Structures are given as structure tokens and as C-alpha cells.
Amino acid sequence: MAERFYFDIENGAESIRDAEGVEADSFEHALEEARSVIREMAAELAAADPDETWTLIVRDASGSLVGRLPIKT
């Protein structure tokens, strides 16, 4: 059964919450999706502010933190 996972990004001062989320068959599949999001966002975030450090936060349907991944170019 698929579960819903949400991918937020934060830099310590700012947080951008994912209100839509994605359906994934497992936590491992959600991490694959998270890595895809990181690849898409890394260059954009680095271009906006190369000295800023961003982290992708993975939450489950209940809102609990299930993973943290650094966003690196």
C-alpha cells in the first residue's frame, strides 16, 4: 500500500513546506524521489545563494520526520 511523503526544504532561517507530497510504495522509494528532488533543486538553490546550506526534510503522512538529506551541487 502506498504512503504519502512530503519534501520540505530548509536552511536554518527559512523553511518551505511541501503541502502536496508524493505517493510512494515504501520509505526507500520515497528516498529515491527525494534524491530526484535534490538533483532538480541543487543548481537552482546554489545559483540563488551559493553560500547558503539547504536540507531536504522528508515527512510521512502524520507529519513525522523520517529523513534529512543535504542539498549539494
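Computed values, structure above
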| quantity | calculated |
| --- | --- |
| Which listed residue, of Glu40, Glu28, is of a type outside the set (Gly, Ala, Ser), surrounded by fewer than 14 Cβ atoms within 10 Å (Cβ to Cβ) and at pLDDT 85 or above | Glu28 |
| Qualifying residue in the stretch 31-39 (condition: touching a helix residue (DSSP H, G or I) at 6+ places or on another chain (Cβ under 9 Å) and closer than 16 Å to Glu3 by Cβ) | no |
| Subset of the stretch 1-18 that is among the hydrophobic types (A, V, I, L, M, F, W, C) and more than 12 Å from the chain's Cα centre (by Cα) - its residue that is nearest to Val66 (Cα to Cα) | Ala2 |
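The values are calculated or read from the model by the stated rules, or taken from the named source; none is laboratory data. These figures come from a predicted structure and were not determined experimentally. Neighbour counts are summed over all protein chains in view; Cβ atoms, including those assigned to glycine, are modelled from backbone coordinates with ideal geometry.
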